[in-house]
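Visitor: Below is one structure. I have some questions about it.
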Amino acid sequence: MNDIEKLTRVEAEVNKVIKGKEQVVNKVLAAVIAGGHILMEDIPGVGKTTLATTFAKTLSLDYKRVQFTPDVLPSDILGFSMYNSGTKEFEFREGAVFCNLFLADEINRTSPKTQSALLEVMEEGNATVDGVTRKLPDPFIVIATENPYGSSGTQMLPESQLDRFMVCLSMGYPAHSDAVEILKGNALNPLQHVQPVITLEELRELREKSNNLFVRDEIFEYIVNLVEETRRNEMFSMGASPRGTIALLRMAKACAVIQNRDYVIAEDVQSVVPDVLGHRVKLGQKARAQGMNMQAALRNLIVTVKAPRN
């Protein structure tokens with residue numbers, strides 16, 4: 001199989017379990033190829049955890065899951081050193097992050113101290129315990145789920161943590177026909193029938209292909225113009241960081257790979273603007289006064305900034 005056939009099969013395999021969310025599945029796959037981390041924000045019970053588990057199986061990823069609660073400690077995530085009375089030495093016991101895909105379930109229900117334990121592993125792919133830095137497996141991906149702000153027992157993630165997620169996605173309720181399909185397939189436990197499609201080595205090759213994709217100077221300028229506009233436009237009270245600029249580029253490259261193109265076009269960038277910038281910027285008073293939500297403000301941003309011709 002060539003690359004596009006492999007990616008099509010990955011999406012088809014995931015869509016057998018996750019009904020009616022083809023666009024979300026496509027964005028998660030793009031983020032994985034781009035080498036980024038994914039934040040899934042939605043109400044409980046819409047399939048966020050199932051989506052992550054299905055991707056882990058389809059992409060041959062070793063995955064671990066932690067249900068975040070107020071009593072989860074940083075040592076549960078990173079690991080700890082334990083004294084071995086037999087050898088008279090301290091031995092390191094790996095934490096949950098030592099895997100290819102780490103599923104952080106309901107990340108905004110735990111303490112800020114535990115949340116901050118993920119900052120280094122998400123940015124650098126390392127875990128430092130007792131002054132010793134250990135490399136995490138390659139690839140390493142975090143898929144975190146969070147309940148909407150205001151839900152019982154939740155607290156807002158700090159901006160420094162949000163900025164380390166390449167995309168923030170929402171699944172939403174299923175359509176009526178999809179809900180019926182979910183009910184019909186529930187008794188069969190569809191996760192048991194998910195088959196691996198690509199190997200870890202093939203995923204690394206796809207990442208390298210995406211990273212080396214050709215990008216015109218006009219596209220670089222366009223991405224920077226979009227991000228700079230979030231900093232000066234009155235619709236936003238806080239603009240995106242340089243890390244947001246890099247995330248836009250990497251996601252646009254991954255989208256081009258999925259579309260079987262060896263170059264990036266403006267539509268690739270526009271298609272991921274809401275997912276990449278939505279959690280990095282804050283609405284300004286002007287947008288709120290006009291009754292705009294974040295999605296509407298970002299659509300207005302795309303219209304405002306002139307795109308280069310393909």
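The values are calculated or read from the model by the stated rules, or taken from the named source; none is laboratory data. In this text, all values refer to a predicted model and were calculated from it rather than measured experimentally. For neighbour counting, all protein chains shown are included, and Cβ atoms are generated from backbone atoms with ideal geometry for every residue, glycine included.
Visitor: Sort out for me the strands (runs of 3 or more DSSP E) sitting completely within segment 1-86 that have 2 or more residues that are crowded, with 22+ Cβ neighbours inside 10 Å and modelled with pLDDT of 90 or more. Walk me through it before giving the result.
Guide: On the way: elements: 38-41, 63-67, 79-84.
Because the criterion is at least 2 residues that are crowded, with 22+ Cβ neighbours inside 10 Å and modelled with pLDDT of 90 or more, the strands (runs of 3 or more DSSP E) in segment 1-86 that meet it are 38-41.
Visitor: Does segment 268-301 hold any residues that are surrounded by fewer than 17 Cβ atoms within 10 Å (Cβ to Cβ) and either in a helix (DSSP H, G or I) or within 18 Å of the chain's Cα centre (by Cα) (or both), and which are they?
Guide: Selection gives Gln285, Lys286, Arg288, Ala289, Gln295, Ala296, Arg299, Asn300.
Visitor: Just to verify a result, which residue in segment 227-267, among those that are outside any helix (DSSP H, G or I) and either polar (S, T, N, Q) or in the same structural domain as Thr8 (by TED's automatic domain parsing) (or both), is nearest to the chain's Cα centre (by Cα)?
Guide: Per the criteria, the residue is Ser241.
Visitor: Name every residue in segment 206-230 that is among the small types (Gly, Ala, Ser) and without any contact (Cβ under 8 Å) to a residue 24 or more places away in the chain, in order of residue number.
Guide: If we filter segment 206-230 for residues that are among the small types (Gly, Ala, Ser), which is where we start, we get 210.
Hits for segment 206-230: nothing passes.
Visitor: Quickly run through segment 12-32 and pick out the residues that are of a type outside the set (A, V, I, L, M) and within 16 Å of the chain's Cα centre (by Cα).
Guide: So in segment 12-32, the residues of a type outside the set (A, V, I, L, M) come out as 13, 15-16, 19-23, 26-27.
Within segment 12-32, Lys21, Glu22, Gln23, Asn26, Lys27 qualify.
Visitor: Evaluate segment 217-229: report whether one residue or more is of a type in the set (Phe, Trp, Tyr) and farther than 20 Å from Leu7 by Cβ.
Guide: yes
Visitor: Right, something else. Pairs under 6 Å by beta carbon, first residue within 14 Å of Val97 (Cα to Cα) and in contact (Cβ under 8 Å) with a residue 12 or more places away in the chain in segment 63-76, partner polar (S, T, N, Q) and surrounded by 14 or more Cβ atoms within 10 Å (Cβ to Cβ), six or more apart or different chains?
Guide: Short answer, once both residue conditions are applied: Phe68/Thr110; Val72/Thr110; Val72/Thr114; Pro74/Thr114.
Visitor: Ok, one more. If you go through segment 17-53, how many residues are touching a His at 6+ places or on another chain (Cβ under 7 Å) and not aliphatic (A, V, I, L, M)?
Guide: 0
Visitor: Got a sec? Which of Ile223, Ile182, Ile198 is outside any helix (DSSP H, G or I) and surrounded by 12 or more Cβ atoms within 10 Å (Cβ to Cβ)? Don't jump to the end; show me each part of the working.
Guide: Working: Ile223 fails: outside any helix (DSSP H, G or I); Ile182 fails: outside any helix (DSSP H, G or I).
Result: Ile198 is the single residue among Ile223, Ile182, Ile198 that is outside any helix (DSSP H, G or I) and surrounded by 12 or more Cβ atoms within 10 Å (Cβ to Cβ).
Visitor: Looking at Gly172, Gly131, Gly125, which one is among the small types (Gly, Ala, Ser), in the same structural domain as Glu41 (by TED's automatic domain parsing) and over 18 Å from the mean Cα position of the chain (by Cα)? Let's see the steps before the verdict.
Guide: Details: Gly172 fails: over 18 Å from the mean Cα position of the chain (by Cα); Gly125 fails: over 18 Å from the mean Cα position of the chain (by Cα).
Just a single option satisfies the conditions, and that option is Gly131.
Visitor: Scan segment 94-131 residue by residue and report those that are part of a loop (DSSP other than H, G, I, E, B) and not β-branched (Val, Ile, Thr).
Guide: Residues satisfying the conditions are Gly95, Ala96, Phe98, Cys99, Asn100, Glu106, Ser111, Gly125, Asp130, Gly131.
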